[in-house]
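Scroll down for the structure; my scribbles are underneath it.
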Amino acid sequence: DLQAGTPVTDAIYGAGYGSSSRVYEHSDKTLGMTPSKFRGGAAGALVRYSVTESPLGWLMVAVTDKGICAIELDDDPDASRQRLRERFSGATLVEDSQELRAWVQQVVRFIRSPQAGVALPLDIQGTAFQRRVWKALQDVPIGTTASYQDIAHAIGKPKAVRAVAQACANNKIALAIPCHRVVRSDGSLGGYRWGVERKRRLLANESQAAVSSPGHHRKADK
């Protein structure tokens, strides 16, 4: 983790970056802050955010000039605000619900209708390994799941199952980077940063949406 002191060079993403997701069609939309700036608490950056109620509890969407840097789900809106202050300790934080209204509406629409997707630019910060994991997560279709081992194989690191699980746990952008679609090899849910019950509800909702989508043929879970 950059804020924990990981060398900046480890956070430079290189070969293999790219995704079928629409948010990755243009790389300049996801470059965001430099790793050095992020490790410094995003000193001098402007981070706008909005906190609102959603079907999954309180939803916080935070945005830099490059895209979404955080999507949080919580029972306590102030807890989300506090985490944002700690993560971006050097940034100017502005709560701006009106300016971010369209962004928040799209995320809420995804919660209610997963087939809508989240086609928004992301400001992703993480190590090269984490980015590869998160990219693989975005390739897991709605209505299906993958195991941590599946993801490890997908990124060419079959023995890195534990590291994959840690990368999922370190994902700060809920829903748009769908770590909720990763489960244990035995089919049990495993952990989820925003609560296992939310994970259960998300998967159930996505499964139903996939079955209900016209012309959709649901793939078998891995």
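Every condition in (1) touching an Asp or Glu at 6+ places or on another chain (Cβ under 8 Å); (2) not aliphatic (A, V, I, L, M); (3) not assigned by TED's automatic domain parsing to the domain that holds Glu72 is met by Arg83 except one, and the failing one is (3).
Taken over the range 138-172, the criterion of being part of a loop (DSSP other than H, G, I, E, B) and under 21 Å from Glu206 (Cβ atoms) is satisfied by Asp139, Val140, Pro141, Ile142, Gly143, Thr144, Thr145, Asn171, Lys172.
The values are calculated or read from the model by the stated rules, or taken from the named source; none is laboratory data. All of these numbers come straight from a predicted model, not from anything done at the bench. Positions of Cβ are generated from backbone atoms using ideal geometry, with glycine treated the same way; all protein chains shown enter the neighbour counts.
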